[in-house]
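Report on the structure given below.
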Amino acid sequence: MMAATGIVTRFAPSPTGYLHLGHALSALLAWRAAREAGGRFLLRIEDIDLARCRREFAPAIEEDLAWLGIDWDGPVRVQSEHFAEYAATLDALRGQRLLYPCFCTRAEIAAAAPHGPEAPYPATCKHLDPHAAADRIAAGTAHAWRLHMDRATAGRALSFCEHGQRRACDPMPFGDVVLARKDTPASYHLCVTLDDTAQGVTLVTRGEDLLPVTAIHRLLQDLMGWPEPAYAHHRLLVDAGGQRLAKREGAPAIRALREAGLSPKSVRTRAGMPD
Ligand code: GLU
């Protein structure tokens, strides 16, 4: 793991499509925070979801960032090249008896959790006999690995620094979150915390939709003894109807604006970052 010296920020897009204005705002805020402080700005490609991510979007992301006037330090970290590191962390958590295998299908979870997809996992597999679970794994049954949230949080008071203000946080309402998915041997929560540590990130800037799950990230950092970065979540761009740009069909891609003849400066302004 790299020691952090000075401020280090990052932009961590998933290559599921071209960058849009919302991404531009996120990248510009992180880049500017680093550059204004004489720090480092890093780029990371979050592509563990091998079914949704497409390799060809990664160079397109780099090209769009460069066109916007954003430069980054050091090599780009590509998550799919680091599965061995994620596996080692899962082993460490398993060694602390903090993970259990979950064989449930989405349909089974939906049927057992009447409160909808955001409800915590109903813990069906939590109390499986460990030998029976081991037999199912040995037989090749697809399974995820979930965090024992109650064990993991026992006796821990968690908090984080958001825009310089310390606030308490509690990951318990998320329940036994998945740290290794059935379809890919890692998860967003695991990778983002490991990578921020591995890259020496000291200030996490990202959209405010991720503010609540910061509690999960702080728990993982605490469990693993990893350093705590500061956080600065930012507003999300919305359209005239108030809908999040990222979710909207056909949010304007940077390259479409560029092909339409807009300058980098005017795209930066449209993203809400006047020069
Ligand atoms: N890869 C995530 C996204 O594209 C960002 C994760 C983060 O910044 O923590 O939404």
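Details
- For the stretch 127-275, the antiparallel share of DSSP beta bridges with both residues in that region comes to about 55%.
- In this structure, Asp71 and Met224 have a Cβ-Cβ separation that, at R0 = 25 Å, corresponds to a calculated FRET efficiency of about 0.20.
- Relative contact order (%) - the stretch 144-258, alpha-carbon pairs under 8 angstrom, separation at least six: 26 percent
- Of the residues Val8, Leu219, Tyr231, the one whose Cα sits farthest toward the positive end of the charge dipole of the chain, with +1 on the Cβ of Lys and Arg and -1 on the Cβ of Asp and Glu, is Tyr231.
- Counting DSSP beta bridges with both ends in the chain, the antiparallel % (nearest 5): 50 percent
- Taking Cβ separations below 4.7 Å as the criterion for a possible disulfide partner, the isolated cysteines in the chain are Cys53, Cys104, Cys161, Cys169, Cys191.
- Taking the charge dipole of the chain about its Cα centre, with +1 at Lys and Arg Cβ atoms and -1 at Asp and Glu Cβ atoms, the residue from Gly22, Ile70, Thr124 reaching farthest to the positive side is Gly22.
- Listed residues Ala144, Ala24, Ala132, most fluctuating in the chain (Gaussian network, C-alpha, under 10 Å): Ala132
- Database remark: amide H of Ala180 closer than 5 angstrom to the amide H of Trp145 (H placed geometrically; neighbours at sequence offset of 5 or more, or on other chains; Pro and chain starts carry no H).
- For the pair Phe83 and His163, label points projected 7 Å from Cα toward Cβ lie 4.0 nm apart.
- Neighbours of Arg136, meaning other residues whose beta-carbon lies under 15 angstrom from its beta-carbon, give a summed charge of 0 when Lys and Arg score +1 and Asp and Glu score -1.
Computed from the coordinates by the stated procedures, all read-outs in this text should not be read as laboratory data. As the structure is a prediction and not an experimental result, all values here were calculated from the model. As a convention, Cβ positions derive from the backbone with ideal geometry for all residues, glycine included, and neighbour counts pool all protein chains shown.
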